[in-house]
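The values are calculated or read from the model by the stated rules, or taken from the named source; none is laboratory data. Not measured: the values here are computed from a predicted model. With ideal geometry, Cβ positions are generated from the backbone for all residues, glycine too; neighbour counts draw on all protein chains shown.
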Amino acid sequence: MNLADSEIILGLLDKKGYDLTDDMSTADVILVNTCSVREHAEQRVYSRLGEFKSVKRKKPEIIVGVLGCMAERLRSNLTDKKAQGVGQIVDVIVGPDEYRKLPTLLSQSWHGEKGIAVQLSRVETYDDVAPLRTNGISAWISVMRGCDKFCSFCVVPLTRGRERNRSFTTIIHEVETLSERGFKEVTLLGQNVNSYQNGNHDFADLMKAVSKVDSSMRIRFTTSHPQDMSDKLIQTIAERENICKYVHLPVQSGADRILQLMDRNYNRAHYLNLIQKLRSAMPTVTLSTDIITGFPSETKEEHQQTLDLMEQVRFDGAFTFKYSPRENTPSFRMKDDVPEDIKTKRINEIIELQNVIASEKNAQHVGQTFTILIEGESKKSSDEMHGRTDGNKMVIVPCGSYNVGDFIDVTITRTNSATLFGTVQQHLTAEVA
Ligand code: 5AD
Ligand code: SF4
């Protein structure tokens, strides 16, 4: 979502004549788009800003801006020691609903004025802003902003504000333009896309309409809340061939008492029922999840219930996090009483189990053929390329007579817990699996 926001910011700056550079030594402006969701993300921003100190020492006229979710917090921290002296190097602070002000604030900061804009909005969706996309194959489209769910651990409703939806027609128009420009994949984005509503159109209607724009384009979406995963949406994903059969459905915990303390508004039985519905509608669907370990008062038995749920569902992937208390969230008032060493032990058990499950699931793909969309050169070897299956699994293939953006048929020869390796069967031009 931050990458999508960065493209909106670039779109706004591009219109004012700013150019993007990869080379920091030539930059006149450095902007850091930040995330507040966990303490770790914030720490990374502080250390990144620390790196800019020497850049600013060498080139004092350079402007440093901090954008996104940390903006509001940073503003109050500017004089605080915790902010590690960032006040001296930060010139501009802009929150997620104020990006339109960035060009003006940058102009003012050329004249030595510090600029701050951190108001949240109930209406801003940047519906009319054309994002500047730096990847010509896959595009993210933010369809809604903010979140009204208020999970007790989560800072998002506070940093990104209340839920707002973009217009159905402009989203469809954006997809049409992307199709004309040769994009091969779009991902509809939001903190909780399932609660999308615009006029009479819900998220299932939006997915259906988007998938009809260009049947050769892959359509993905993220993220979903289990409370809002409707039967209609499941049917739509199942029926539309070019909607990828991959669902990211954060469960957070396998224990009902913890889910209740998290204010997640569903229980384990509801979640398992959803998984069963998804699998009976789409037997090959791949599933991933988010899990938080060490939520306040989580017992050993409740941790075991999360492991049991993982064994029951057998996710293809899981993003796992140690609970980190976020200021002003409801759970911040609860005692963060699971000691760090226990959190580490629990997260390691979760990761180990997930690795075993993912390895076993991936091994079953050996001998099967998938259509993959080639995304780029492999990080490990220039003789190899990487792409993704419809189910979002990463596949490595030897280089051949195909390019980034091509769909190719690949037979899987070996696997590990994170990646599939294959040989190329057929080079397709514009077809989708
Ligand atoms: N501590 C740990 N993990 C968190 N997440 C959100 N807030 C916190 C927190 N305070 C995780 C959730 C969410 C993902 C994006 O980040 O699992 O789904
Ligand atoms: Fe945060 Fe919950 Fe909203 Fe996700 S659904 S962004 S976890 S409040």
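Which one is nearest to the chain's Cα centre (by Cα) among residues in segment 182-210 that are of a type in the set (G, A, S) and away from ligand 2 (no atom under 16 Å from the Cβ)?
A204
Select from segment 243-297 the residues that are within 13 Å of ligand 2 (Cβ to nearest atom) and of a type in the set (F, W, Y) and write down the one among them that is nearest to L206 (Cα to Cα).
The qualifying residue nearest to L206 (Cα to Cα) is Y266.
If you take the residues in segment 129-166 that are within 16 Å of ligand 2 (Cβ to nearest atom) and in a strand (DSSP E or B), which one is surrounded by the fewest Cβ atoms within 10 Å (Cβ to Cβ)?
For segment 129-166, the residue satisfying everything is R164.
Step by step: first the residues of segment 360-379, then only those that are within 13 Å of M394 (Cα to Cα) and of a type in the set (G, A, S), then the one that is surrounded by the most Cβ atoms within 10 Å (Cβ to Cβ). Which residue is that?
The selected residue is S378.
If the Cβ limit is 9 Å and pairs must be 6+ apart or interchain, which residue in segment 266-281 that is without any contact (Cβ under 8 Å) to a residue 40 or more places away in the chain pairs with which residue that is of a type in the set (D, E, K, R)?
N267/D256; A269/D256
Could you tell me whether any residue of segment 219-233 is more than 16 Å from ligand 2 (Cβ to nearest atom), under 26 Å from V285 (Cα atoms) and touching a residue at least 40 places away in the same chain (Cβ under 8 Å)?
The answer is yes, given that some residue of segment 219-233 is more than 16 Å from ligand 2 (Cβ to nearest atom), under 26 Å from V285 (Cα atoms) and touching a residue at least 40 places away in the same chain (Cβ under 8 Å).
Write out, first by first residue and then by second, each pair whose Cβ atoms fall under 9 Å of each other, whose residues are 6+ apart or on separate chains, and whose first residue, in segment 401-428, is without any contact (Cβ under 8 Å) to a residue 40 or more places away in the chain and in a loop (DSSP other than H, G, I, E, B) while the second is buried (at least 17 other Cβ atoms within 10 Å of the Cβ) and among the charged types (D, E, K, R).
D406/K184
Take segment 312-325 and flag every residue that is in contact with a Lys or Arg (Cβ under 8 Å, 6 or more places away or on another chain) and within 16 Å of ligand 2 (Cβ to nearest atom).
Scanning segment 312-325 gives F321, K322, Y323, S324.
Taking the condition of being outside any helix (DSSP H, G or I) and over 18 Å from F332 (Cβ atoms), how many residues in segment 254-275 meet it?
So the answer is 5.
Which of (1) within 18 Å of I258 (Cβ to Cβ); (2) aliphatic (A, V, I, L, M); (3) within 22 Å of the chain's Cα centre (by Cα); (4) surrounded by fewer than 16 Cβ atoms within 10 Å (Cβ to Cβ) is the odd one out, the single condition I351 does not satisfy?
So I351 meets the others, but not (1).
Select from segment 316-361 the residues that are away from ligand 1 (no atom under 16 Å from the Cβ) and assigned to a loop (DSSP other than H, G, I, E, B) and list them in ascending order.
D316
From the residues in segment 280-307 that are assigned to a helix (DSSP H, G or I) and surrounded by 15 or more Cβ atoms within 10 Å (Cβ to Cβ), which one is nearest to ligand 1 (Cβ to nearest atom)?
T306
I'm trying to understand the selection: among the residues of segment 111-128, which are surrounded by fewer than 16 Cβ atoms within 10 Å (Cβ to Cβ), among the hydrophobic types (A, V, I, L, M, F, W, C) and out of contact with any strand residue (DSSP E or B) (no Cβ under 8 Å at 6 or more places or on another chain)?
Of everything in segment 111-128, nothing turns out to be surrounded by fewer than 16 Cβ atoms within 10 Å (Cβ to Cβ), among the hydrophobic types (A, V, I, L, M, F, W, C) and out of contact with any strand residue (DSSP E or B) (no Cβ under 8 Å at 6 or more places or on another chain).
Any chance segment 227-246 includes a residue that's in contact with a helix residue (DSSP H, G or I) (Cβ under 8 Å, 6 or more places away or on another chain), within 22 Å of I351 (Cα to Cα) and at pLDDT 95 or above?
No, segment 227-246 has no match at all.
Can you report the number of residues in segment 102-120 which are within 25 Å of the chain's Cα centre (by Cα), farther than 13 Å from V29 by Cα and not in a loop (DSSP other than H, G, I, E, B)?
Total satisfying the criteria: 1.
So which of L233, L249 ends up being surrounded by 17 or more Cβ atoms within 10 Å (Cβ to Cβ) and more than 17 Å from the chain's Cα centre (by Cα)?
Result: L233 is the single residue among L233, L249 that is surrounded by 17 or more Cβ atoms within 10 Å (Cβ to Cβ) and more than 17 Å from the chain's Cα centre (by Cα).
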